[in-house]
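Below is one structure, written out as structure tokens; comments come after it.
Derivation of every value follows stated rules applied to the coordinates shown; laboratory data play no part. Note that the structure is a prediction, hence the values are computed from the model and not measured. Here the Cβ positions follow ideal geometry from the backbone for every residue, glycine too, while neighbour counts run over all protein chains shown.
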Amino acid sequence: MNNITLRLYIAGETSRSRQAIANLQHICEAEMGADCKIEVVDVLDNPELAEKEKILATPTLIKILPPPLRRIIGDLSQTEKVLVGLDISTGNSTNSEAE
Amino acid sequence: MLFPKDKDQEGKGISKLATGISGFDSIGNGGLPKGRTTLLAGTSGSAKTVFACQFLVAGVENNDEAGVFVTFEESPKEIRRNMLGFGWDIESLEARGKWAFVDASPEPGMDMMITENYDLGALTARIEHAVQKIGAKRAVLDSVGAIFSQFMDAAVVRRELFRISYALKHMKVTALITTERIEEYGDISRFGVEEFVSDNVIILRNVLEEESRRRTLEVLKFRGTTHQKGEFPFSVIPRQGVVVIPLSAMELKQSSSEIRVTSGNSTLDEMCGGGFFRDSVILVSGATGTGKTLMSTQFVGAGAASAERSLLFAFEESREQLIRNAKAWGRNFEEMEQQGLLKVVCEYPEAAGLEDHLIKMRDQIEEFEPDRVVVDSFSALERVSSLKGFREFVIGLTSFIKHKEITGLVTATTSSLLGGTSITEAHISTITDSIILLRYVEMLGEMRRGLTVLKMRGSMHTKDIREFSIDKDGMHIRLPFRNISGILSGNPMRVSPDENDRIEKLFQRETDA
């Protein structure tokens, strides 16, 4: 399977940030297996990177690999939507919601 | 004093930041509320972005204050290119570290999915970072309507805008947030932004009035501080940007002079009690051919004779016509121009809007620094504007002329040959200091000309209606009309000498008694 690289932009260590990270980790483990690489960027520490990527909202998830580039804004609580948004075929798409 | 109104007292409240936008600071009684966020609302095409850019450019040029421009609509590239027309080189300001963009414009083709539970924390962080990086004192968010259409959840966007304006306040940044309006006279803004950043609101309008566009600026509110009220006309001019015409603010600071200058006709000087006041505006009104242009020619000639510079704005005749006519009366305009004593500016009234004319004329006056200004005629300009716009133009020009301690002579054409008043006259007579009427008088089957000084503010003047004639040397004022009444109303009637004497005696008897 292809390597998957995801970058999650958050703004500070808020409960929403923690929620988004947890949701993303859950989706990766349950749906994409070990191929999934996650980077977390805090825009408060790296505003230049946010400027470069033109990030407005947090949390924002960017799928860097495989192409095409995709962005999902929100706390990633709806697994189905996230999978559709990332456009990654996982083989088993009948999983229950993370909530 | 019981209520001292000193600067310290004001300093404890809200102070103002001079924007450097021409004319705006006097309307804002010093500028924008310092360290606050002001909402700049306007319909599409009302020059919001130009105003916002100018606010930042003027900050760098006048006060060496850096500025952050957050753009939600146009890309930085577009803004850099669009503003070059005003002579603003944003790229070099960026290179000098005086200008920073936060690019929040939508990127075409970006694949984005918006779900639930998000905020605009990244945007806030980027703005804060940009402000800190260049030490910005000014910021602009242009325009927030675009971010509402990008993120569907209006409640989230409103809350975030509130947070951003709070953050800017915390960093002591004076900010402008621009927002769209749908109607010129309706809700303050689309999406109800004003409820969240509502301390200060400025409205830019671009109203279609009698087939021409008229731009106005109104400060709707400055919380906790003062401003001029009402709509003020403004124009957007290449290489200058927004120029606001602060009418009421200009009227306040006029001085008045006791110095007299000659009109170019000694008899008329006598009739006015020794000549015109130096910082006054004189209206010469008359039907076509009564001698208005002659009077302005003499006024210019008299200036040149005493080495005073004149600026002549002609809206009715071409340069060649003016020079030829002046020559016929023995005044050589070309020679005066060569000596630098005269500048003739001929323009079609229709060539520009009245606000643009006013700004151009003010620029010409600033540049040439004349002692005398002539406008021939106001009536020609009246044709190209609404009444309200015309009145504002007259106030704007006359107060500017007076403020500069220049003598102004303006002419107005009456529509009827005999007597009557022009609309121009009715609208500007209270604004001018002196009024001279030129009238045709029909007597015994002959057209003759009459002149009277109707008003001379701050001075005695002759009340007679004098006959005058025009020949190759110019105007010759003679004796008062006798035995005739009703000249000004346009119905001259012969009065027998007996009747005249009888009336005089009647009044004498009354005053004796």
Based on the Cβ-Cβ distance from residue B:343 to residue B:318, what FRET efficiency comes out when R0 is 22 Å, to the nearest 0.05?
0.90
Could you give the length gained on full extension between residue B:356 and residue B:386, defined as 0.36 nm per residue of separation minus the Cα-Cα distance, in nm?
9.4 nm
Selected from B:83, A:61, B:273, residue furthest toward positive end of dipole (the protein assembly as shown; charges at beta carbon)
B:273
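What does the convex hull of the Cα atoms come to per residue for segment B:155-214, in Å³? All intermediate terms of the calculation are to be shown ahead of the outcome.
Values: hull volume 5.0 nm³, N = 60.
Expressed per residue, the convex hull around the Cα atoms of segment B:155-214 is 83 Å³.
What percent does the relative contact order of chain B come to when contacts are Cα pairs within less than 8 Å and at least six residues apart?
Numbers: 986 pairs, mean separation 67.8, N = 513.
Relative contact order here is 13 percent.
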Hull surface over four for the Cα convex hull of chain B, reported in nm², is 32.4
Give me the three principal axis extents of segment B:310-467 from the C-alpha atoms, as integers in angstrom, largest value leading.
49, 38, 33
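If we count other beta carbons within 10 Å of each Cβ, what is the order of B:482, B:448, fewest first? Let's see the in-between values first.
Values: B:482 10, B:448 18.
Ranked by crowding around the Cβ, least crowded first: B:482, B:448.
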With N residues in segment B:83-156, what two-decimal value do you get for its Cα radius of gyration over 2.2 N^0.38 Å?
1.33
If a paramagnetic tag sat 7 Å from the Cα of residue B:107 along the Cα-Cβ line, which residues of segment A:73-87 would have the backbone N under 14 Å from that point?
A:73
What's the angle, to the nearest 10 degrees (0 to 90), between helix B:48-63's Cα axis and the longest principal axis of chain B?
90
If I take R0 = 60 Å and measure r between the Cβ atoms of residue B:505 and residue A:15 in this structure, what FRET efficiency does the formula 1/(1 + (r/R0)^6) give, to the nearest 0.05?
0.05
Starting from the coordinates of the alpha-carbon atoms of the protein assembly as shown, obtain the Kirkwood hydrodynamic radius over all distinct pairs and give the value in Å to one decimal.
29.1
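About its Cα centre, what dipole magnitude does the protein assembly as shown give when the only charges are +1 on Lys and Arg Cβ and -1 on Asp and Glu Cβ, stated in debye to the nearest 20? Walk me through the numbers on the way to the answer.
Values: 73 positive and 88 negative charges, 274 e Å.
Computed about the Cα centre, the dipole is about 1320 debye.
Dividing the convex hull volume of the alpha carbon atoms of segment B:304-365 by its residue count, what do you get in Å³ per residue? Display every interim value, and only then the final one.
On the way: hull volume 5.1 nm³, N = 62.
About 82 Å³ per residue, rounded to a whole number.
Using 0.36 nm per residue of separation minus the Cα-Cα distance, give me the extension gain between residue B:469 and residue B:166 in nm, one decimal.
Numbers: separation 303, 0.36 × 303 = 109.08 nm, distance 7.33 nm.
Computed gain between residue B:469 and residue B:166 is 101.8 nm.
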log₁₀ of I(q)/I(0) at q = 0.11, 0.12, 0.17, 0.18 Å⁻¹ - segment B:184-342, Debye sum with one point per alpha carbon:
-0.72, -0.80, -1.09, -1.15
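Which whole-number value in Å³ per residue fits the convex hull of the alpha carbons of segment B:11-144?
On the way: hull volume 20.0 nm³, N = 134.
Taking only Cα atoms, segment B:11-144 has a hull volume of 149 Å³ per residue.
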Rounding to the nearest 10 and keeping the result within 0 to 90°, find how far the Cα-based axis of helix B:319-328 lies from the longest principal axis of chain B.
20
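Add +1 for every Lys or Arg and -1 for every Asp or Glu among the other residues with Cβ under 13 Å from the Cβ of residue A:4, and state the total. Intermediate results must be reported in sequence, preceding the final value.
On the way: positive: A:7, A:37, A:63, A:70; negative: A:29, A:31, A:35, A:39, A:87.
Result for the local shell: -1.
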Treating the Cα atoms of chain A as identical point scatterers in vacuum, please give the log10 of the normalised Debye intensity I(q)/I(0) at q = 0.22 Å⁻¹, two decimals.
-1.17
Net charge of neighbours whose Cβ lies under 14 Å from the Cβ of residue B:55, counting Lys and Arg as +1 and Asp and Glu as -1:
+3
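When a footprinting reagent is the concern and you count Cβ atoms within 10 Å, what order do B:346, A:36 take, fewest first? Walk me through the intermediate numbers first.
Values: B:346 15, A:36 18.
Ascending number of Cβ neighbours within 10 Å: B:346, A:36.
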Pop a pseudo-label 7 angstrom from the Cα along the beta-carbon direction at both residue B:240 and residue B:91 and give the gap in nm to one decimal.
2.8
Along each of the three principal axes of the Cα atoms of segment B:101-253, give the extent in whole Å, ordering the values from largest to smallest.
54, 37, 32
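Which of the trypsin sites (Lys or Arg not before Pro) found in segment B:123-164 are loop residues per DSSP with 13 or fewer other Cβ atoms within 10 Å of their Cβ? Could the numbers behind the result be given before it?
Numbers: sites: B:126, B:133, B:137, B:138, B:158, B:159, B:163; in loops: B:137.
Filter output for segment B:123-164: empty list.
Averaged over A:57-69, how many beta carbons belonging to a partner chain fall within 10 Å of each residue's beta carbon? Mind showing how you got there, number by number?
Numbers: counts 13, 8, 6, 5, 2, 1, 1, 0, 0, 0, 0, 1, 4.
The shielding value for this peptide is 3.
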Please determine, in degrees from 0 to 90 and to the nearest 10, the orientation of helix B:292-305 with respect to the longest principal axis defined by the Cα atoms of chain B, where the helix direction is its Cα long axis.
80
Could you put B:487, B:114 in order, starting from the residue whose Cβ has the fewest other Cβ atoms within 10 Å?
B:114, B:487
For segment B:83-211: relative contact order, % (alpha-carbon pairs under 8 angstrom, 6 or more apart)
21
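For a quick check of your reading of the filter: which trypsin sites (Lys or Arg not before Pro) in segment B:190-233 sit in a DSSP loop and have no more than 16 other Cβ atoms within 10 Å? Write down the numbers at each step before the final one.
Working: sites: B:190, B:205, B:213, B:214, B:215, B:221, B:223, B:229; in loops: B:223, B:229.
Passing sites in segment B:190-233 are B:223, B:229.
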